[in-house]
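> The structure is given below, and queries will be raised subsequently.
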Amino acid sequence: MEQAILDKLEEKLAAHETVAVATVLRGPIAGQVLLDATGRILAGGFESEQLTAAVAVSSKSYLADLRSGREEIRIDDQTSDLFFEVYPPPPQIIVIGAVHVAIHLIAFGKRLGYRTVVIDPRTAFATVERFAEADELLIEWPTEALAKLVITDNTYFAMLTHDLKIDLPAIEIALRSPARYIGTLGSKKTHSKRVAALREGRFSEPDIARIHNPIGLDLGGRRAEEIALAIIAEIVAVRHGRP
Amino acid sequence: MRDLLPEIRTWQHQGKTVALATVVKAWGSSPRPLGAKMAISSEGEMAGSVSGGCVEGAVVEEALAVLSSGRAKLIEYGVSDDLAWTVGLSCGGKLEIFIEPLS
């Protein structure tokens, strides 16, 4: 890999953009290119213009499906064996409530390669000192903060305030989004208040069933670190298709 | 790749050359997915992984050869390999790994 490709790749990964690298593994024409999400070449190249054009076309399906793959491309009786590697944007954890558990959840999330966001309007909780590791700390009400974020089907919500006036608006936004996971902290009593409020807000039973409450796998731990571990474990399980 | 970049940059700043090994094909019960990566410095240091620890030692050797020749290499590892006893995959999977120099 040329330095120019590595530099550009690093820049695009840091910006959480989708990119792909296409590499000739075997064949008469060596080379490698970095492509953006639309299949446009950002760096690198092949000596054959025909191969460059064919790679740009082939890359589109890998980029669209966000999957890597192997493909042979034939040009004038010559076969090139290519690897298309797609770098999708990282999964994202959005934590509502800058509480103690959140500090550990952010640390676990970072370790596992998630982009992490913390939202809490309470300035006593949401401090840069406590959340230096988070990619974004938004000291705002969830409605305002979430309007600034892109929520995809690779977004995971952890609602940790068990204060309905902060959690509920966030849950409502999450339920209207394609978010993969919505977990809420709180006792049965707190949760039944939430459910009642959501029903009143015209959310359907299947909508409400998307909420994981109590949040996290049942690991039995009570310490903040243990609860954070239970939450991240549940997020990993959901991400990989475990119920 | 995201997690390897800090290490790669450190090595480069120290004046070392770096090779990158990538899983470009995986059959059977290979423990790492397509695109799994390992970086190797000219001093033989490594970051990341391409298997469950089965072939990393052999990949380091190949990576050092790639760094001295400057030419990329495509290598297959698996139970049917001649080197099965030394670098075979205990899981019974097969891997194809592309090793390239960063230049």
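> Heavy-atom accessible area per residue, the protein assembly as shown, 1.4 Å probe: how many Å²?
48 Å²
> A follow-up question, please. Work out which residues of the stretch A:1-48 lose at minimum 40 square angstrom of accessible surface when the other protein chains are put back, relative to the chain isolated, with a 1.4 angstrom probe, and list them by number.
Listed by number, the residues meeting the 40 Å² cut-off are A:MET1, A:GLN3, A:LEU6, A:GLU10, A:LEU13, A:LEU25.
> Moving to a separate point now. Once neighbouring chains are kept in place and the probe is 1.4 Å, which whole percent of the accessible area of the stretch A:81-239 is contributed by carbon and sulfur?
Carbon with sulfur: 56 percent of the solvent-accessible area.
> Relative to the longest principal axis of the C-alpha atoms of chain A, give the angle of the C-alpha long axis of helix A:164-175, reported between 0 and 90° and rounded to the nearest 10°.
Between the helix axis and the principal axis of chain A, the angle is about 30 degrees.
> Another question about this same structure. Using per-residue counts of other Cβ atoms within 10 Å, averaged over each peptide, order A:140-151, A:96-107 from highest down.
Ranking the peptides A:140-151, A:96-107 by packing returns A:96-107, A:140-151.
> If you take each beta carbon of peptide B:68-75 and count the beta carbons of other chains within 10 angstrom, what is the mean?
What the average comes to for B:68-75 is 2.
> Measure nothing but the geometry: give the 0 to 90° angle between the long axis through the Cα atoms of A:49-65 and the longest principal axis through the Cα atoms of chain A, rounded to 10°.
Compared with the principal axis, the helix lies near 20 degrees.
> Taking 25 Å as the cut-off for C-alpha to C-alpha distance, list the pairs among A:LYS110/A:LYS189; B:LYS25/B:LYS73; A:LYS12/A:LYS60 that go past it.
In this structure, A:LYS110/A:LYS189 lie more than 25 Å apart at Cα.
> Working with all protein chains in place, sort B:MET46, B:MET38 by solvent-accessible area computed with a 1.4 Å probe, largest first.
Most to least solvent-accessible, the answer reads B:MET46, B:MET38.
> Next up: Dipole of the protein assembly as shown, Cα-centred, from +1 at each Lys and Arg C-beta and -1 at each Asp and Glu C-beta, to the nearest 20 debye?
1400 debye
> For the A and B pair, go ahead and give the buried accessible area with a 1.4 Å probe, both sides summed, in Å² to 100.
1700 Å²
> Could you work out how far helix A:188-200 tilts from the main Cα principal axis of chain A, as a 0 to 90 degree angle to the nearest 10?
Helix A:188-200 sits roughly 70 degrees off the main axis of chain A.
> Binned at 10 Å from 0, what are the whole-percent values of the Cα-Cα distance distribution for the protein assembly as shown, short to long?
5, 22, 26, 22, 16, 8, 1, 0
The values are calculated or read from the model by the stated rules, or taken from the named source; none is laboratory data. Keep in mind that what you see is a predicted model, and the values were worked out from it rather than measured. Note that each Cβ is placed from the backbone with ideal geometry, even for glycine, and that neighbours are counted across all protein chains shown. We work out accessible area using only protein heavy atoms, side chains counted, and drop any ligands, DNA or RNA first. Shrake-Rupley method; radii C 1.70, N 1.55, O 1.52, S 1.80 Å.
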